[in-house]
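Working notes, structure below.
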Amino acid sequence: ALVAAQTLGEAIVALRNKAFDLVLADLWLPDSSGLDTLARITSATTCPIIVLTASDDPGMRNAALAAGAYEFVQKTEFDSSVLARLVRLGAIQARTFRSLRQSEARFRSLTQLSSDWYWEQDGEFRLTFMSSHMGERTGLAAADYLGRKRWDLPALYLSEADWARHRAQLTRRQPFRDFEMQRRVEGRGSVWLSISGEPVYNADGHFVGYRGVGRDITPQKRAQ
């Protein structure tokens, strides 16, 4: 179904209340203008956005695409055939996005079956995701780690040389297995963790970070 919004405010409300396959956006609206319009729309949806504008600024197209637009169309070039083509392409892109999200959800679900928790790091090795099972298994708070690198927080018995070897592995984009560390837990003493991970690349082959799994190995360590 087609939904029309006359202002950016109306568009944001619609995007938050309903799932769409495609957004056709004019950058110049009564309550917003230029790339600010695009920035606010991209923050409200993950579906493809086609920018429609009368601007003749030669740098606007590249700026819009860099800011997240799927396509950029001049109003003078816009007609029913162009719209039909873009809608078809946008629908294909939307189905691809949904398929990727579903595949990622299945991947995370499967990793939970074979480990205690799942985690992700960005290209700067900052933790961006830790499944809730990490806190349930260990008592550690994910909020203390998200946005930080593992070596930003203290680990018992790991020296700077140990961390340097681990960082070197990551810098070389190497997978790693069973990297062990001991963390203090409020009111519980400490827990032992075993972390394994692999590098992740996007469709263009560019490195975007790491993802992996973790296990609580405290009982084994205490038995030893």
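The values are calculated or read from the model by the stated rules, or taken from the named source; none is laboratory data. For clarity, every value in this text was computed on a predicted model and none was experimentally measured. Glycine gets a Cβ as well: all are built from the backbone with ideal geometry, and neighbour counts include every protein chain shown. Please note that ligands, DNA and RNA were not included when accessible areas were found on the heavy atoms of the full protein model with its side chains. Shrake-Rupley method; radii C 1.70, N 1.55, O 1.52, S 1.80 Å.
Of everything in the range 41-79, what is basic (Lys, Arg) and surrounded by 17 or more Cβ atoms within 10 Å (Cβ to Cβ)? Give them in sequence order.
Listed by number, the list holds a single entry, Arg61.
Could we say that Ala19 is over 12 Å from Gly68 (Cα atoms), open to solvent by 50 Å² or more (accessible area, probe 1.4 Å), over 25 Å from the mean Cα position of the chain (by Cα) and modelled with pLDDT under 85 here?
Here the answer is no, as Ala19 does not meet what is asked.
Specify which of the listed residues (Ile41, Ile12) is within 15 Å of Tyr70 (Cβ to Cβ) and at pLDDT 85 or above.
Just a single option satisfies the conditions, and that option is Ile41.
Can you pull out every residue in the range 115-150 that is over 13 Å from Gly197 (Cα atoms), within 18 Å of the chain's Cα centre (by Cα), open to solvent by less than 40 Å² (accessible area, probe 1.4 Å) and among the hydroxyl-bearing types (Ser, Thr, Tyr)?
Selection gives Ser131, Tyr145.
Just checking, which of Ala161, Ala168 is among the hydrophobic types (A, V, I, L, M, F, W, C), more than 21 Å from the chain's Cα centre (by Cα) and closer than 16 Å to Glu124 by Cβ?
The unique qualifying residue is Ala168.
Out of Gly214, Gly205, report the one residue that is surrounded by 16 or more Cβ atoms within 10 Å (Cβ to Cβ) and of a type outside the set (A, V, I, L, M).
Selected residue: Gly214, the only one of Gly214, Gly205 that is surrounded by 16 or more Cβ atoms within 10 Å (Cβ to Cβ) and of a type outside the set (A, V, I, L, M).
Test of understanding: among Glu198, Glu180, which residue is in contact (Cβ under 8 Å) with a residue 12 or more places away in the chain and under 18 Å from the mean Cα position of the chain (by Cα)?
The conditions single out Glu198.
Can you find, within the range 22-40, the residue that is surrounded by the fewest Cβ atoms within 10 Å (Cβ to Cβ) among those that are over 17 Å from Lys75 (Cβ atoms) and in contact with a strand residue (DSSP E or B) (Cβ under 9 Å, 6 or more places away or on another chain)?
Checked the range 22-40; the qualifying residue surrounded by the fewest Cβ atoms within 10 Å (Cβ to Cβ) is Arg40.
Would you be able to tell me the number of residues in the range 151-164 that are out of contact with any His (no Cβ under 8 Å at 6 or more places or on another chain), part of a helix (DSSP H, G or I), surrounded by 13 or more Cβ atoms within 10 Å (Cβ to Cβ) and not acidic (Asp, Glu)?
1
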